[in-house]
Amino acid sequence: MTGSQGSAPRVRLVDVVKRFSDVTALEAVTLDVADGEFVTLLGPSGCGKTTLLRIVAGFERPSEGRVLLGGDDVTAAPPHRRPVNMVFQRPALFPHLDVAANVAFGPRIDGLSKAEIDRVVGEALALVQLDGFQHRRSHELSGGQMQRVALARAIVNRPQVLLLDEPLSALDLKIRLEMESELRRLHREIGGTFIYVTHDQREALALSDRIVVFNHGRIEQIGSPNDVYRRPASPFVARFVGDANVIPVEVSEGGAEPAEVAVGAHRFPAPSVDISGPAWLVLRPEVVRVRPPSGDGSLRGVVQDLSFRGTGHSYRVTVEDVPEPLKAEVSGGEAFAIGATVELTWEPEACRLLPRDPGAD
Amino acid sequence: MASLAEAPTRTTERAERRRAKPLIATLPAVAWLLAFFAAPLLVFLVYSFLTNELYAVGLPFTLEAYADALTSSLNRTLARNSLVVGLLTASTTVIVGLPIAYWLRFVARRSRLAVLFLITASMFASYLVRIYAWRTVLGSRGLINSALERTGLIDEPLGFLLYSRFAVVVALVHIFLPYVVLVLFAGMGPVSEGLLESARDLGANASLLWRRVLLPIMAAPAFSAFVFVFILSSADYVTPQFLGGKDGVTLGVQIQQNFIAVGNWPLAAATSFLMLLAFVAVYAIGSFALRRLRLHDIRLES
Amino acid sequence: MEHRQRAPIPTSITIAALLFLFVPLGLVVLFSFNSTGSLTFPFAGFSMRWYRQIAESPEFRSAVTNSAFVGLVVALVTLVLGTLAAYGLTRASTRWRTPIAVLLFLPLTLPGLFLGLSLLVLFARVEVTLSLATVAIAHLVYVTPYYLLIAVAALQRLDPALEEAGADLGGNGWLVFRRVTLPQVWPVLVSASCLAFALSFDEFIITFFVIGPDSTLPLFIFSTLRRTVDPSVNAISSLLLMITLALFAFAFLLTVRGARSRGLSIEPEALGSGSR
């Protein structure tokens, strides 16, 4: 591997496979992370995202494949020889050390002078807004504060890559939101490469430059938050990132502009695609409009459930020939009662068609 | 890049080796136990097959010692005594230990730490001192008899108290009860109060709660405690010497005497291994029963 | 707001068991201060004569010195061997782990009678003269599983993320063990080592077979018990009780205080898994 330091991606994973006895946790994952990027590995629990993070950190070794950091092959390097640091799900603060000594753990191993250590520890604590907490013990801190110390401890070494393993999952919602904006600020200020693992799609959308969606040990899609949300590559991504109606349809005229798709006896326009035959129609609930029946041939259904959402209502509408009730988020307007017959419409360009294997589902 | 494909088997092997590496730290202790635990037992096993001559043992290998051990009618009586002492001690400790563990887990409040401290402390109370203490309490001029005589309840000392199987079992229960309580308390640790509450909520009274919920859950730890106490108490050779009468002398005492006084090492070895075989049998039968009752592996959500 | 039920039967059984465990021992201590040799009530009067009597006995003194010497050696060697073994057992994951764990814990279930006899036969076979050294060798076998029970539990309770964080921050294996693992568990390890001392100090069943011409405190008590009804036995027994109990209390406090200073729950975790 002779990639020059300048052009090589900060992190490069080549065909990484991880097997635990007879279970395959990761299947040939290849991924590049650029310098300064904030990349989120998103997926349900058990999808392999944490395993991949631990492989980058060096806690697990891949069964196959290679891990490169800044162009250097580190596949066989132990964790303490890698220029990456990790923030764990639980803060994992050393309970026998105070805040300052926790943060100083890494610099001390690097053999920095006492004055130097004090300076970098002070800087790191200031970055996470915990100046003045130097001499507290971990049990004297709140959950959010503990996680900030863990952050300071990980960034004090100025790692090439900061790994974050669901660092906010143990916190209350309010503190979680606060910490999210802290993380964004921190990323801007220190300008490092962050790899973040979460199962919370909202967190992923809010934080990342790029999202890598995982399922069953495979990458389902890589893209910007906007891409992943608006142009999901698979029904799984559509359902997992944001809320979505995923309806089995038949595309009758894929090439036409607009295309025409059919659900049972209903036909309606959709964006042009090079698919014909079975397909999935992905429809975000917020693009679905609900109106009284007009008889112009729009999709018709019966309101099965509704709930008040502050800015509007969210409906579940049972539609003939559609296996699951359709979800619709409607802002403002009057509410339709449960049992009422309504019509559902949407702009053709607001929906997305994905290929469907007719055998499955 | 061509090297990427051939890596897998080597890496797996290396991963296996890496996960095994910390085991190197166990080597000193392992070596110690191989040299002074496994090796002596093996030598002892070999001795059980040797021929006993006057003040010496030697070849050829023979089963004579086993034949002697099995045919001696004295041995059979003593083995029965050992069995009875072991069973009585083990069942008493477990039966008494269960409610104490329950108390520690579910009833105790502030006093839990103190009682745990006392029970664990008593575990470390000297073995010989306990035996001595019971000799003073149970003796014919001991505290119970003299107290009873003083109050006029009896005219002469109760002979069955000391130098009897009763005395041996009392002292052994005293020695092993703390172990059993701690094992059962640990076993009861994962049982949540919610589990008991939901059982009560579903209409279980105390007896149903024990029969249908606690005893099945506690079967496995209670069995381990039972086997532990059974083995150690039926092979005890000191307590029966000081407290046992005719029916209190056990096979352990006989093995020790055979060894020290008579000097018949093969016979002592053969008898020991027969006893060990019996212990293994008790353990195997018990485990089999637990398995058949599907009580061997109850996992509690925590 | 914990609602705890009243349970008269378990409560009375617990109280009865505590009385059963402590009254006989209490009586031995009480009568060690009796001014006459009688072992019956009424108590004749307070006196230290039995303690003075044993303090003057050279046999007693050498027995105590021997026991303390063996106990100290056993405690120190166990602290090192046992900690290494516990670390290996808790940090390794391979198929070799189970057989090694079985070997290390097996002495727990082997009656001392058999271990003592086997060791005696082995020592005779390889012509090792019986001495305090052979006693220490035997005691090490006997206390190892007890030490491991406590040490393994302590190391297992440790959050694995702590050691991973240490390694992630640049520490190699030894540094992480010294700077992260040991500071968390040393109070438990030291107290387990105290318990190893106490177990060795009090061991009789195995010692009886592997001791040479020397004597230890339990052996001294054994021969006194066999000889006569000597009232000084009460004083000797009380001393032995007090020494082992003091060691245990020290170990217990160390564990509880260690847990407290780390803001952990004050449950005596080394003693069982009494979680709320």
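Read-outs: derived from the displayed coordinates by stated rules, not from any lab. Predicted, not measured: the structure shown is a model, and the values here were computed from it. Cβ placement follows ideal geometry from the backbone for every residue including glycine, while neighbour counts extend to all protein chains displayed.
Rank by packing, highest mean first: peptides A:229-236, C:11-18, C:185-192, with packing defined as the count of other Cβ atoms within 10 Å averaged across residues. Numbers along the way, then the final one.
Values: A:229-236: 18.5, C:11-18: 17.0, C:185-192: 21.2.
Per-residue Cβ counts within 10 Å, averaged per peptide and sorted highest first, yield C:185-192, A:229-236, C:11-18.
Looking at A:Val290, A:Ser272, A:Gln304, which one has the Cα that reaches farthest to the positive end of the dipole of the range A:234-304 (charges on Cβ: Lys, Arg +1; Asp, Glu -1)?
A:Gln304
Looking only at other chains, what is the average number of their beta-carbon atoms within 10 angstrom of each beta-carbon in C:79-89? Each step should come with its number before you reach the end.
Details: counts 0, 2, 9, 2, 2, 7, 9, 3, 4, 11, 5.
Counting Cβ atoms of other protein chains within 10 Å of each residue's Cβ and averaging gives 5.
For peptide A:143-155, how many partner chain Cβ atoms fall within 10 Å of a residue's Cβ, on average? Walk me through the numbers before you get to the answer.
Details: counts 0, 0, 0, 0, 0, 0, 0, 2, 0, 0, 3, 3, 0.
Per-residue shielding by partner chains comes out at 1.
Classify chain A as rounded, prolate or oblate from the Cα gyration tensor: take a ≥ b ≥ c as the square roots of its eigenvalues, call it rounded if a/c is under 1.5, otherwise prolate when a/b beats b/c and oblate if not.
Values: a/c = 2.97, a/b = 1.84, b/c = 1.62.
In terms of gyration-tensor shape, prolate.
How many angstrom separate the Cα center of the range B:107-133 from the Cα center of the range A:19-91?
Each part's Cα centre sits 51 Å from the other's.
Report, to the nearest 10°, how far helix C:58-91 tilts away from the longest principal axis of the Cα atoms in chain C, using its own Cα long axis and a range of 0 to 90°.
Once rounded, one gets 20 degrees.
Can you figure out the FRET efficiency of C:Glu56 with B:Val262, using R₀ = 35 Å and their beta-carbon distance, to the nearest 0.05?
On the way: r = 38 Å, r/R0 = 1.09.
My answer for the efficiency is 0.35.
Identify all aspartates and glutamates with a Cα-Cα distance to A:Lys174 below 14 Å; exclude those on the same chain that are fewer than 8 residues away in sequence.
A:Glu182, A:Glu203
In what sequence, highest mean first, do B:162-174, C:50-62, A:165-177 appear when ranked by Cβ atoms within 10 angstrom?
Most protected by this proxy first, the peptides run B:162-174, A:165-177, C:50-62.
Among C:150-158, B:72-80, how do they line up from the highest to the lowest mean number of other beta-carbon atoms within 10 Å?
Working: C:150-158: 19.7, B:72-80: 14.9.
My ranking of the peptides, most packed first, is C:150-158, B:72-80.
Averaged over C:199-208, how many beta carbons belonging to a partner chain fall within 10 Å of each residue's beta carbon?
Values: counts 2, 0, 2, 6, 2, 5, 9, 0, 0, 4.
Partner Cβ neighbours, averaged per residue: 3.
What percent does the relative contact order of chain A come to when contacts are Cα pairs within less than 8 Å and at least six residues apart? Walk me through the numbers before you get to the answer.
Values: 756 pairs, mean separation 52.7, N = 361.
15 percent.
Choose one of C:Ala44, B:Ser73, C:Leu79: the residue whose Cα lies farthest towards the positive end of the charge dipole of the protein assembly as shown (beta-carbon charges +1 Lys, Arg; -1 Asp, Glu; about the Cα centre).
C:Ala44
Using the Karplus equation 6.51 cos²θ - 1.76 cosθ + 1.60 (θ = phi - 60°), what ³J(HN,Hα) coupling, rounded to whole Hz, does each residue of the range C:11-24 give in order, writing x for Gly and Pro?
4, 5, 5, 5, 4, 4, 5, 4, 4, 4, 6, 9, 4, x
How high is the relative contact order of the range C:40-144? Use alpha-carbon pairs under 8 Å, at least six apart in sequence, and give a whole percent. Mind dumping the intermediate values first?
On the way: 28 pairs, mean separation 43.9, N = 105.
Reported as a whole number, the value is 42 percent.
Picking from B:Gln256, B:Ala35, B:Leu59, whose Cα lies most toward the positive end of the charge dipole for chain B (charges on Cβ: Lys, Arg +1; Asp, Glu -1)?
After comparing all options, I get B:Ala35.
Would you compute, from DSSP H runs of 4+ residues alone, the mean residue ellipticity of the protein assembly as shown at 222 nm, taking -39500 (n - 2.57) per run and dividing by the full residue count, rounded to the nearest 500?
On the way: 34 runs with 471 residues, N = 939.
After summing the helix terms and dividing by the residues of the protein assembly as shown, the value is -16000 deg cm²/dmol.
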